[in-house]
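The values are calculated or read from the model by the stated rules, or taken from the named source; none is laboratory data. Bear in mind that the values here come from a model prediction, so they are computed numbers and not experimental data. Glycine gets a Cβ as well: all are built from the backbone with ideal geometry, and neighbour counts include every protein chain shown. Ligands, DNA and RNA are stripped out before the accessible areas are found, and what is left, the full protein with its side chains, is counted by its heavy atoms. Shrake-Rupley method; radii C 1.70, N 1.55, O 1.52, S 1.80 Å.
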Amino acid sequence: MLTTGPRGTRDILPDSSGYWQYVESIIREVCQNFAYQEIRTPIFEHTELFLRGIGETTDIVEKEMYTFTDRGKRNITLRPENTAAVVRSYLENKLYAGPQPTKLYYIGPMFRYDRPQAGRYRQFHQFGVEAIGAQGPAIDAEIISLAVELLNRLGLNDLKLLINSVGCPVCRPVYRTKLQEFFRDKVSQLCTDCQSRYDRNPMRILDCKNETCIEYSQGAPHMVDCLCEVCSSHFTGLKELLSAAGINFIINPRLVRGLDYYTKTAFEIQYAPLGAQSAVCGGGRYDGLIEECGGQPTPGIGFAIGIERVLLALEKQELLPPLNTAIDVFVAPLGIELQAVAFQILTEIRRANITADMDYINRSLKAQMKYANKYPAKFVALIGQDELVQNKVMLKNMETGSQELINRAELVHMIIEGMEK
Ligand code: AMP
C-alpha cells in the first residue's frame with residue numbers, strides 16, 4: 001500500500017513532466033491568441049454544486065463522484081469536471097459585471113470513480129474553456145475553432161469534429177415525446193441503464209455504447225429535425241461560421257446531452273488512432289446552467305479536453321518534442337574541502353541566470369565529468385587546490401574539449417560569452 005498509489009492515479013515523472021509543460025504552454029499560447037483568461041478554482045466544492053450543475057441523473061453524479069463529509073460535517077466532492085465550479089465562481093465573484101462575454105480557461109486535475117484503462121483514470125487532467133454571456137452562434141464557432149486550433153498546433157490533424165444541436169426547453173419536450181414513442185415497444189430490450197433513461201432522460205439512450213441499444217435506436221427521430229425556429233437558425237449559423245473558417249464537421253444526431261440546461265450546440269472531437277478512448281474533446285452550450293446555479297438567465301458554452309488523451313495521441317504519432325535536460329555549467333570541486341568555494345561559484349553563476357549544477361556526493365574527477373556529460377553540460381568549471389590558491393577556475397568547454405584558466409572575477413562573463421558562440 002505504502003509504495004503503490006491509489007488505483008486510477010498516475011505519477012507524472014520527470015521524464016514526462018516536460019511533455020505536460022509543452023502541452024500546457026501551447027494551451028496558454030492559443031488561449032492568449034483567442035483572448036481567454038485563466039481561472040483557477042478549488043479542487044473541491046460543495047457536493048450540491050455538482051448535483052445541480054451536472055445533474056442527478058448523470059453517470060458522473062450517480063456513480064463516479066469522490067464525495068465525503070469533512071470534519072465540519074460539510075458534504076464535499078472532489079471536482080469531476082470544472083464547468084459547474086467556473087459558473088459558481090462567475091456568480092460568486094460577479095464576473096458578469098465585467099466586459100462580456102466572460103472568456104475563461106482552466107487546466108487542472110479532475111476526479112471520477114471511472115473504470116481505469118488506457119486513457120481513462122480516476123485522477124485525470126482537463127483543459128477547458130467557458131464563454132459566458134454570449135448567445136449567438138459566433139461564440140460557439142469560436143470555441144470550436146479554439147479546440148481545433150489547439151489540436152492542430154500540437155500536430156494532430158486527423159481529427160473528426162462531430163456537431164449536433166440538442167434544442168432548447170421549447171423544442172426538446174416535443175422531441176422527447178417523439179423519442180419515447182419510438183422506443184415505447186423496445187424498452188424491455190434495452191440495457192437496464194437505458195430502461196431507466198426511458199422515463200428520466202430518453203435522449204441519453206442515443207448516447208448508450210451498448211450494442212443492443214445502438215441497434216434498437218437505429219431509425220430514431222433526430223433532434224435536428226425537430227428544432228424550433230430559434231434553435232434551427234442558431235444551428236444553421238454555426239454551420240455557416242464553421243464553413244467560413246474552413247473547419248470541417250460531421251453532423252452526428254447521436255451526440256446528446258439529456259439535461260434541460262444543455263441547449264443548442266453539442267460537439268465532440270475524436271482522434272481515431274486512439275481507438276476506444278478516441279474522444280479527446282467534448283463540449284456544448286449550457287444556456288440554462290447559470291440560472292440553475294442561482295444566477296440570472298445567462299447563456300454559456302464551453303468544452304473540456306482530456307490532457308492524458310492528447311498526450312497519448314502525441315506519443316502515438318511521435319509528435320512529442322525532444323526534452324531538453326542540458327545545463328550550461330557543471331561546477332566540479334576536486335575534493336570535499338573545495339565544496340564551499342564551489343558552492344560560492346555555483347551561486348554566482350546561477351544569480352546571473354545561467355543554468356548550473358554541481359557535484360554533491362564527492363565524486364572522483366572522472367565520475368564528475370561523466371555526470372556532467374549526461375546532462376549534457378556545455379561547460380565544466382573545475383576547481384582544485386591550485387585554482388583555489390590562484391583565485392582561478394579551469395573552464396572546460398565540453399563541446400570543443402578546450403580549457404582555459406580564468407580569473408574568478410571573469411568567470412560569469414566568460415561563460416556568457418562562450419554560450420553566445
Ligand atoms: P467530459 O467532461 O466527460 O465531457 O470529458 C471531456 C474529456 O475529458 C473527454 O473527451 C476525455 O478526453 C477526458 N476524460 C473524461 N473522463 C476521463 C477519464 N476518466 N480519464 C481521462 N480522461 C478523461
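Per-structure values
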item	result
From the options Gly306, Gly275, residue that is within 16 Å of the ligand (Cβ to nearest atom), among the small types (Gly, Ala, Ser), open to solvent by less than 50 Å² (accessible area, probe 1.4 Å) and under 19 Å from the mean Cα position of the chain (by Cα)	Gly306
The stretch 299-348: number of residues that are under 30 Å from Ile139 (Cβ atoms) and in contact with an Asp or Glu (Cβ under 7 Å, 6 or more places away or on another chain)	5
Options Gly53, Gly18, Gly8: the member that is at pLDDT 95 or above, among the small types (Gly, Ala, Ser) and over 18 Å from Arg120 (Cβ atoms)	Gly18
Subset of the stretch 278-301 [buried (at least 23 other Cβ atoms within 10 Å of the Cβ), within 16 Å of the ligand (Cβ to nearest atom) and over 21 Å from Tyr22 (Cα atoms)]	Gly283, Gly284, Arg285, Tyr286, Leu289, Gly300, Ile301
Residues satisfying the stated conditions in the stretch 50-73, i.e. under 19 Å from Ile290 (Cα atoms) and buried (at least 17 other Cβ atoms within 10 Å of the Cβ)	Phe50, Leu51, Arg52, Gly53, Ile54, Gly55, Thr58, Val61
Residues of the stretch 309-331 satisfying the condition of being open to solvent by 40 Å² or more (accessible area, probe 1.4 Å) and aliphatic (A, V, I, L, M)	Leu312, Leu319, Leu320, Leu323, Ala326
The one condition in (1) farther than 21 Å from Cys293 by Cα; (2) within 16 Å of the ligand (Cβ to nearest atom) that Met110 fails to fulfil	(1)
Residues within the stretch 248-272 that are away from the ligand (no atom under 16 Å from the Cβ), closer than 21 Å to Val310 by Cα and crowded, with 17+ Cβ neighbours inside 10 Å, tallied	1
Odd one out for Leu238 among (1) modelled with pLDDT of 90 or more; (2) in the same structural domain as Glu56 (by TED's automatic domain parsing); (3) surrounded by fewer than 22 Cβ atoms within 10 Å (Cβ to Cβ); (4) over 23 Å from the mean Cα position of the chain (by Cα)	(3)
Test set (1) open to solvent by less than 10 Å² (accessible area, probe 1.4 Å); (2) within 16 Å of the ligand (Cβ to nearest atom); (3) assigned by TED's automatic domain parsing to the domain that holds Ile301 - Gly167 fails condition number	(2)
One residue from Leu78, Leu95 being of a type outside the set (Ser, Thr, Tyr), in contact with a Leu (Cβ under 9 Å, 6 or more places away or on another chain), in the same structural domain as Phe50 (by TED's automatic domain parsing) and surrounded by 14 or more Cβ atoms within 10 Å (Cβ to Cβ)	Leu95
Residue within the stretch 115-123 that is part of a strand (DSSP E or B), near the ligand (Cβ under 8 Å from one of its atoms) and open to solvent by less than 30 Å² (accessible area, probe 1.4 Å) present	no
Only listed residue being of a type in the set (D, E, K, R) and not assigned by TED's automatic domain parsing to the domain that holds Gly384, chosen from Glu348, Glu308	Glu308
Qualifying residue in the stretch 356-368 (condition: open to solvent by 40 Å² or more (accessible area, probe 1.4 Å), of a type in the set (Ser, Thr, Tyr) and out of contact with any strand residue (DSSP E or B) (no Cβ under 8 Å at 6 or more places or on another chain))	yes
Filtered residues of the stretch 28-43 (kept if over 19 Å from Ile301 (Cβ atoms) and crowded, with 18+ Cβ neighbours inside 10 Å)	none
